[in-house]
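What follows is a short report on a single structure.
What follows draws every value from the coordinates through simple rules; no lab data is involved. Keep in mind the model is a prediction, meaning the values are calculated, not measured. Glycine gets a Cβ as well: all are built from the backbone with ideal geometry, and neighbour counts include every protein chain shown.
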């Protein structure tokens, strides 16, 4: 999701709240913003300063995820408080980790492969050499002969039709094709 608010705007909103006599809900209402978003900005600012809004793409190890969850459970923190404490900026990440942990334990916190799966490896097959004409039966040879005759007739017909088409585009009267 693209961040639609600049860091400068977020700083102005936070300073408006911190310097004013009105609550978060009033600041959010005055500026036409969502209350929970303003609350998140204020907490990020309090915990990490103006750099708290930087968008970073991080990959967390399963051990780190477990540590975050255990801290949250042990200290009775909310997901939002835990995100702020550990500087986890991906909204909903901790809730997702918690569901994964409850459904499959530590192994479920392993990152999932993205993209296409690798092709399964086929065992190398030895190329089969076709039998020589002397090794083939009379019926196999007749079958191949019939196939080759049909292929030859098809190609001759295709050539005749192509010539006929070229002749009509040049304005000449075409020779009638055989067949």
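Key figures for this structure:
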| item | result |
| --- | --- |
| 20 °C / 1.002 mPa s Stokes-Einstein diffusion coefficient of the chain, Kirkwood radius on C-alpha pairs, µm²/s | 88 |
| Per-residue Cβ neighbour rank within 10 angstrom, fewest leading, 35, 147, 45 | 147, 35, 45 |
| Relative contact order computed over the stretch 59-111 (Cα-Cα under 8 Å; 6+ residues apart), in percent | 45 |
| Distant alpha-carbon pairs in the stretch 59-111 (separation over 16 angstrom), percent | 30 |
| Ellipsoid equivalent to the stretch 1-55 - semi-axes via the Cα gyration tensor, in Å | 17, 13, 9 |
| Descending semi-axes in whole angstrom, ellipsoid equivalent of the stretch 94-147, from the Cα gyration tensor | 60, 12, 9 |
